[in-house]
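Below you'll find the structure, written out as structure tokens, and then a few comments.
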Amino acid sequence: VSVLYWNAGEPAPRRNPATMMYSGEIEAGQMHGRGKLQYPNREVYEGEWVYGKRHGNGKYTYQDGSSYEGEWVEDKVHGRGTCVYPSGNKYEGEWHYGRINGRGALHYYDGDRYEGEWKDGRMHGRGVYDYANGDR
């Protein structure tokens with residue numbers, strides 16, 4: 001898949017549907033600094049880059065409308081961040097190389113909420129589950 005670069009502030013050029021489009025800072029021929037990359041499937045990453053890898057703070061928006069906004073390391077979700085799922089559920093907390101790990105809170109679309117420890121994307125360890133009706 002090719003990448004099409006253009007200067008920020010200029011209109012986007014016409015492109016082949018299989019081409020990724022990047023607008024932002026470039027160093028040594030690579031995405032570096034702040035920029036926005038639109039993938040062929042219309043998913044978008046906007047944020048910080050370090051020599052072609054998502055690194056720093058950024059937001060990734062998926063085709064289904066879900067999104068992740070937070071820290072990235074070496075092209076992986078890592079550190080603190082928030083993910084909003086298509087169901088309306090929202091997780092805010094710690095991530096470790098692409099997986100929910102550490103402390104965080106999951107807010108369910110129906111008003112339920114879990115806050116506590118996570119391991120490999122699952123509730124694990126100490127935590128509190130609050131139901132929308134006030135029960136714990």
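The values are calculated or read from the model by the stated rules, or taken from the named source; none is laboratory data. Please read all numbers here as calculations on a predicted model, not as lab measurements. Counting neighbours? That spans all protein chains shown, and the Cβs are built from the backbone with ideal geometry, glycine included. Heads up: the accessible areas ignore ligands, DNA and RNA and are worked out on the full protein's heavy atoms, side chains in. Shrake-Rupley method; radii C 1.70, N 1.55, O 1.52, S 1.80 Å.
Side notes on the structure shown:
- Residue 108 vs. criteria of a type in the set (Ser, Thr, Tyr) and open to solvent by 50 Å² or more (accessible area, probe 1.4 Å): yes
- Pick from segment 111-131, criterion in a loop (DSSP other than H, G, I, E, B) and touching a Lys or Arg at 6+ places or on another chain (Cβ under 8 Å), ranking: least open to solvent (accessible area, probe 1.4 Å): 121
- For segment 91-105, the candidate set comprises residues that are open to solvent by 50 Å² or more (accessible area, probe 1.4 Å) and assigned to a strand (DSSP E or B); within that set, the residue that is nearest to residue 74 (Cα to Cα) is 96.
- Of all residues making up segment 56-65, the number that are open to solvent by 60 Å² or more (accessible area, probe 1.4 Å) and over 11 Å from the mean Cα position of the chain (by Cα): 2
- The condition of being modelled with pLDDT of 95 or more and either crowded, with 17+ Cβ neighbours inside 10 Å or within 25 Å of residue 70 (Cα to Cα) (or both) holds for only one of 48, 27, that being 48.
- Condition met for residue 5 (at pLDDT below 95 and part of a strand (DSSP E or B)): yes
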